[in-house]
Amino acid sequence: MTASIGRRGAIAAAATLPIAAHAQSTDPRRGGTLVTLGGTTRHVNPAIQSGTPAGIPGTQIFASPLRFDDKWNPQPYLAEKWELAADGKSLTLHLVKGAVFHDGAPITSADVAFSIAVIQKNHPFKTMLEPVETVETPDPQTAIIRMSRAHPAILLAMSPALCPILPKHVFGDGRDILTHPANTAPVGSGPFRLTEFKPGESITIERFDRFFIPGRPYLDKIVMRIITDPPTQLLAMERQEIVYNSFLTTVRDAERLAKQAHIQIIDKGFEGIGALNWLAFNTARKPLDDKRVRQALAYLSDRARMLKVLQAGKVPQALTPIHPGSPLYTTEVNHFEYDLKKAEALLDEAGYKKGADGTRFKITIDPIPGTVEATTGIAEFLRGQVKRAGVELELRVSPDFPTWAQRVAGQDFDLAIDAVFNWADPVIGVHRTYLTRNIRKGVIWSNTQSYSNPKVDALLDAAAGEPDPAKRKAEYKEFQQIVVDDVPILFLHPFPYTQAIHKGLKGAPTSIWGPMSPWDEMYWEAAERR
Amino acid sequence: MSAAAWFIRRLIHAAGLLLAVLVLNFVLIHLAPGDPAVVIAGEMGGASTEVMAKIRAEYGLDQPLVMQLLAYLGRVLTGDLGFSFYFNRPVTALVAERMGPTALLVASAIVLALVLGTWLGILAARRPRGLAAQLVSVFSVAGFAAPVFWTGMMLLLLFASTLPIFPVSGMADVGRPKLGFAYALDVLHHLVLPAMTLAMVYMAQYSRQSRAGMLAALAADYIRTARAKGLGELRVVYRHALRNALIPVITIAGLQFGQVLAGAVLVETVYSWPGLGRLAYESILRRDSPTLLGILLGSALMVILANLLTDAAYRLADPRMRGT
């Protein structure tokens, strides 16, 4: 027995989405250039790295087997239909007929098999395709992914940002994929082809006329300009030198741009990425090796007030390791609401009584370099909060990412403020932070907290291979409850990402992957086309 | 000393200086905290221990520092500045690509600062107690005291936002063909604010310097003689006094070339000007040592060249210097 979804059903479903309906109502037409903000990236091949700077251009240049709507439903893309076996151990993809790469070569199942092998071997998210054993290619239009066990994350792993289909005849020439010259001058399979890549300056892509979805994309050209200075980014948006900022990072900036008559702010499209801001505890160090101390610090943190002060009360709290936008998120966990008495009692119980000077102990905090309200502002706020219970917090400001990363990856920290993405399915972006076997000194965004709980390891392993969605959800609920209670990390808030877009530009990507999905539906209203 | 002997001696000094710059920069950069492999892994979204070891081996980061230095010096001698960890391209190509925009910005700023600064200095020196002299004095203090990034932001707010006359960022409009007179005008339009920002602080210095030089020159006997001979005031000021008053300004301008390049880092970042300064900023943030070393080498070369030109100009302006 198989579960099958086809293009027709998906189109009917898509018609109910607000953006799709909006796009239909204003009669999208071809033409025009979109100037947007880009990020500095080493290359544009998302098969071998994650992150938005490569992912946003990468998802325009490469197509993937599936794409997703804003309700977490898979939609046809390069695969016009697919079947996931009832035991969850195989996924069959039926590719669109007549799809070609940017050099005109046909896209076949051999390219799918090649791409999956490349991703499995080289992408940093090792758990994403871990159970994949083989990819069979019975005919040029069919690829069957065989897995050693059920792997519910496999559908999300077929997303544009995670599974770009690479041309085997270009990337499979025997050269090392990590340094392959085609990473910066790729032959792609997506709606746009790369025409200019100027690292640190701009990326230009143009419409691929033989894209496999008839009539798409609508835009002629997209220029991703790299402007690193945040005030200049805002001014450029106000002056319409930039007409789309797909990753606006602060509430303050969103409010400023919303006042412009020509700009619209969209707060959808970031559920898949699932960015969380959190406070990590080094559980291998005293006094943070004691769960009671970590819980006491959680009770002292007063996140509600912190968000009111720093984010004008416009950003919700994150309570668990899973992003609030995920269907697996639960609020049935310890909320650690501010409680000074309980915190002091826990610290006393742990043996950290106040000294003659009123101090219990001194620890450091390392905020990741970033916007004040999401990094140093939080550290300053926490310093005042924990001092009430006699805890001295010393702020260690890193001048740049390498300095911070060296401390955190080297596990040379007490507390660290960090921004980490869920990447849609917990198997892809959540497990890495909590699994005991992923404690790897020197590796950033591994289990740098040195957190170890056998029950959590067992739950994560079980959920990774659980084909029954209800059972899986229950396992992740228990996982969230245990981790929140153990406090290897205190979850602060989801990142308040928004998209700022010129009002004349329609069809903004608002699926769960938002800007990290194809922009083939974007178009200029006739009167605004430029 | 003949011009040829002077030139050869300066070239030998320059070679020694370049070697010292290379070694010192290499050591300083590698002493800074932060591992390029962690940065690359960070951009990748994390990486396994094996991938990080592979990255280190790929770029020779697993070798002892002395070996890395010797290998680097060897490559530089053959004209190879290495491969950028972060920008994924040969450093020579990166630097060559960015050199033009920076040279344009820096040269424009220096010319602007020299011409306007000198003119303001003359204006102030001709009537030392006049209103113009007071205004020049206020401008000099303010221009010298204001940090370059602040000046940049203020000019942006004023002339790109409140009065939207100039563009906010970049070197040219996106989509415009990059050739012809229209393109040159577009670049010029984009150049005004960054060049003005960079010129501001030096304009202030040069105005003070030329004012002082001019005051001294105008009080000299030969100027009194010139006036007694009945020469017109403009001829006296611009033909006779200015030539002597300019010598210290030229010297300072030459010495400050390196500082102007350093200022370009901030200006290029604020205005997204695609030059070496912005590349340097990005390279520092990402511990991209080959790129940073290449930029510093390029900057050192430019500074040495500027100093050579300054000395040559000095010899031209003051015949007494030709004997040294």
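The values are calculated or read from the model by the stated rules, or taken from the named source; none is laboratory data. Computed from a predicted model, the values in this text were never measured in an experiment. Backbone-built Cβ (ideal geometry, glycine too); neighbour counts: all protein chains shown.
Worth a mention:
- Hey, A:Phe361 of a type in the set (A, V, I, L, M, F, W, C), closer than 30 Å to B:Gly42 by Cα and in contact (Cβ under 8 Å) with a residue 40 or more places away in the chain or not: no
- Total residues in region A:397-414 satisfying the condition of being more than 8 Å from chain B (Cβ to nearest Cβ) and either closer than 18 Å to A:Ile378 by Cα or hydroxyl-bearing (Ser, Thr, Tyr) (or both): the figure is 7.
- Pairing each residue of region B:177-200 that is over 23 Å from B:Leu155 (Cβ atoms) with any residue that is basic (Lys, Arg), provided the two are 6+ apart or on different chains, yields C-beta distances under 9 Å for B:Ala182/B:Arg176; B:Tyr183/B:Arg176.
- Count of residues meeting criterion [over 18 Å from A:Lys291 (Cβ atoms), within 14 Å of chain B (Cβ to nearest Cβ) and of a type outside the set (Val, Ile, Thr)] in region A:441-460: 4
- Screening A:Ser115 with (1) of a type outside the set (Val, Ile, Thr); (2) part of a helix (DSSP H, G or I); (3) surrounded by fewer than 18 Cβ atoms within 10 Å (Cβ to Cβ) gives one miss only, at (3).
- Qualifying residue in region A:31-43 (condition: more than 14 Å from chain B (Cβ to nearest Cβ) and more than 24 Å from A:Phe247 (Cβ to Cβ)): no
- For region B:227-246, the candidate set comprises residues that are over 38 Å from the mean Cα position of the chain (by Cα) and assigned to a helix (DSSP H, G or I); within that set, the residue that is surrounded by the fewest Cβ atoms within 10 Å (Cβ to Cβ) is B:Ala228.
- Meets criteria (more than 30 Å from A:Val44 (Cβ to Cβ) and either exposed (fewer than 14 other Cβ atoms within 10 Å of the Cβ) or among the hydrophobic types (A, V, I, L, M, F, W, C) (or both)) for B:Ala15: yes
- Restricting attention to region A:14-47 and to residues that are part of a loop (DSSP other than H, G, I, E, B) and polar (S, T, N, Q), the residue that is modelled with the lowest pLDDT turns out to be A:Thr16.
- Counting only helices (runs of 4 or more DSSP H) that sit wholly inside region A:418-474, those with at least 3 residues that are under 16 Å from the mean Cα position of the chain (by Cα) are A:426-429, A:431-434.
- Every residue from region B:44-90 that is more than 11 Å from chain A (Cβ to nearest Cβ) and of a type in the set (Val, Ile, Thr): B:Val66, B:Val76, B:Thr78
- Residues satisfying the stated conditions in region A:184-203, i.e. closer than 23 Å to B:Ser283 by Cβ, buried (at least 18 other Cβ atoms within 10 Å of the Cβ) and either modelled with pLDDT of 95 or more or more than 10 Å from chain B (Cβ to nearest Cβ) (or both): A:Ile203
- Just one of the listed residues (A:Ile242, A:Ile265, A:Ile227, A:Ile222) is more than 30 Å from A:Arg440 (Cβ to Cβ) and more than 14 Å from chain B (Cβ to nearest Cβ), namely A:Ile265.
- Scanning region A:153-183 for residues that are among the hydrophobic types (A, V, I, L, M, F, W, C), out of contact with any helix residue (DSSP H, G or I) (no Cβ under 6 Å at 6 or more places or on another chain) and within 14 Å of chain B (Cβ to nearest Cβ) turns up A:Leu162, A:Leu178.
- Against the criterion of being out of contact with any helix residue (DSSP H, G or I) (no Cβ under 9 Å at 6 or more places or on another chain) and farther than 30 Å from A:Pro231 by Cβ, A:Gly88 does not qualify.
- Pair list, Cβ under 6 Å, 6 or more apart: region B:23-38 residue away from chain A (no Cβ under 13 Å), other residue not small (Gly, Ala, Ser): B:Asn25/B:Leu293; B:Asn25/B:Leu296; B:Phe26/B:Leu69
- Taking the conditions (1) surrounded by fewer than 23 Cβ atoms within 10 Å (Cβ to Cβ); (2) closer than 30 Å to A:Leu156 by Cα; (3) at pLDDT below 95; (4) not charged (D, E, K, R) in turn, A:Pro231 satisfies each one other than (2).
- Qualifying position, being without any contact (Cβ under 8 Å) to a residue 60 or more places away in the chain and more than 14 Å from every other protein chain (Cβ to nearest Cβ), among A:Glu394, A:Glu373: A:Glu394
- Residue ID - nearest to B:Val91 (Cα to Cα), chosen from residues in region B:283-310 that are within 10 Å of chain A (Cβ to nearest Cβ) and surrounded by fewer than 21 Cβ atoms within 10 Å (Cβ to Cβ): B:Ile284
Residues are listed down the side, and each one gets a yes or a no for (1) more than 14 Å from chain A (Cβ to nearest Cβ); (2) in contact with a helix residue (DSSP H, G or I) (Cβ under 6 Å, 6 or more places away or on another chain); (3) part of a helix (DSSP H, G or I); (4) of a type in the set (Gly, Ala, Ser):
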| residue | (1), (2), (3), (4) |
| --- | --- |
| B:Arg98 | no, yes, yes, no |
| B:Ala103 | yes, no, yes, yes |
| B:Ala113 | yes, yes, yes, yes |
| B:Trp119 | yes, no, yes, no |
| B:Ala125 | yes, yes, yes, yes |
| B:Ala132 | yes, yes, yes, yes |
| B:Val138 | yes, no, yes, no |
| B:Gly143 | yes, yes, yes, yes |
| B:Leu157 | no, no, yes, no |
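- The one condition in (1) within 14 Å of another protein chain (Cβ to nearest Cβ); (2) assigned to a helix (DSSP H, G or I) that B:Pro274 fails to fulfil: (2)
- From B:Gly121, B:Gly130, residue being at pLDDT below 90 and surrounded by fewer than 13 Cβ atoms within 10 Å (Cβ to Cβ): B:Gly130
- Counting only residues that are in a helix (DSSP H, G or I), loosely packed, with under 15 Cβ neighbours inside 10 Å and among the basic types (Lys, Arg), region A:316-356 holds 1 of them.
- Residues being assigned to a loop (DSSP other than H, G, I, E, B), in contact (Cβ under 8 Å) with a residue 60 or more places away in the chain and within 17 Å of B:Ile29 (Cα to Cα) - total across region B:60-87: 5
- Selection count, region A:503-530, where residues are surrounded by fewer than 24 Cβ atoms within 10 Å (Cβ to Cβ) and over 26 Å from A:Pro46 (Cβ atoms): 8
- For region B:159-193, filtered to residues that are charged (D, E, K, R) and not in a helix (DSSP H, G or I), the residue that is nearest to B:Arg98 (Cα to Cα) is B:Lys178.
- Residue that is surrounded by 14 or more Cβ atoms within 10 Å (Cβ to Cβ), in a helix (DSSP H, G or I) and modelled with pLDDT of 85 or more, where the choices are B:Met214, B:Met196: B:Met196
- Test: residue in region B:27-43 that is more than 22 Å from B:Leu81 (Cα to Cα), surrounded by fewer than 17 Cβ atoms within 10 Å (Cβ to Cβ) and modelled with pLDDT under 85: yes
- Scoring B:Ile252 on the criteria (1) in contact (Cβ under 8 Å) with a residue 40 or more places away in the chain; (2) touching a Leu at 6+ places or on another chain (Cβ under 8 Å) leaves a single failure, condition (2).
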